[in-house]
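Everything on this sheet refers to the single structure shown next.
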């Protein structure tokens, strides 16, 4: 069975999927493998391949999907997501600032539906989807950092990386921010899956994540990661995680030699300076510039003041959405945010896991507040709708 992942069971929580919408669960499990493979590939950033596998899944399970009953809230959220992307696509065409072509639009619409539909259908399965998605992002960032770090030209690091899976140069802040999802996944595994194999895996994953974050100069990652640890782990677990990460990370740093050692020392110095001199960064200037232009641009189309910083984006999801789709798209996005926050407002978090995904949703909002999403790392938006869908977990353990 696809859910019987090695080691992912504990006395606290055992995943026992129930396929109420199909009598032959073994046959359906084969199709579930297509779906989870699609999610993992999506985590790698290979959108087109993920779309193909997702299409295979929904074609082969079309009838079961058709007869599934979803809530009005689910369909309202799907409507908001589809409207948001369509408005951005249409107004981007008229403003001559189109962020993606029709093929990418179709892929984004399909992946958004696939992510939220599965999580809404079965919360237990949704958690496995989240873990799979996060591990894909971990592998993508880890491979990219390793390849860029070993490149002898020294051209890669903060600001620019080379992703060998995509075969192209990429923006390093997006990859640094993506590390937060496998990091928080590690917290989930520590709390609810307590096998020796899982402990070893999480320890190794955390060390790779910390080393990669230092190499990438990811200030936002360290802030969000530390706050997540404080909110989601008890004192004993927090001390253990910090000790293991610190001990092994220092060991790996000391073991480096030659050029690699110099690169890491420079990276450590750089990330410390970014924290000390946080007020000198351009994010605040971009935010002020964008907020002023939103109110005078009802259909969007405004651009960044390149006298402040040379970039095409405001590095803020809400401002960039207003730039691409105007007031209508911005209101649509705010309604979507409000829809996902309603379980919290109404105090309907029915299980401790709900708190976990609530923290993850807030962390994702923080990332989207200072990263390029629609025209950049769309995986962060998909992770937001997935984690927010899983906030209101209501089932027996």
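Nothing in this text is a laboratory measurement; each read-out follows from the coordinates by a stated rule. Fair warning: this is a prediction, and the values are worked out from it, not measured in the lab. Virtual Cβ from ideal backbone geometry, glycine too; neighbours counted across all protein chains shown.
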With the Cα gyration tensor of the range 94-213 giving a ≥ b ≥ c as the square roots of its eigenvalues, does the rule (a/c under 1.5 for rounded; else a/b larger than b/c for prolate; else oblate) give rounded, prolate or oblate? oblate
Return 104, 59 ranked ascending by Cβ neighbour count within 10 Å, so the fewest neighbours appear first. 59, 104
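Any idea what % of Cα-Cα pairs in the range 289-387 are farther than 19 Å?
Details: 2281 of 4851 pairs.
Of all Cα-Cα distances in the range 289-387, 47 percent exceed 19 Å.
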One computes Rg over Rh for the range 44-127 from alpha-carbon atoms, with the Kirkwood Rh, and obtains 1.01
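How would 243, 51 line up from fewest to most surrounding beta-carbon atoms within 10 angstrom?
Details: 243 10, 51 22.
Listed from fewest to most nearby Cβ atoms, that is 243, 51.
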Distances over 21 Å make up what percent of all Cα-Cα pairs in the range 162-233? 31 percent
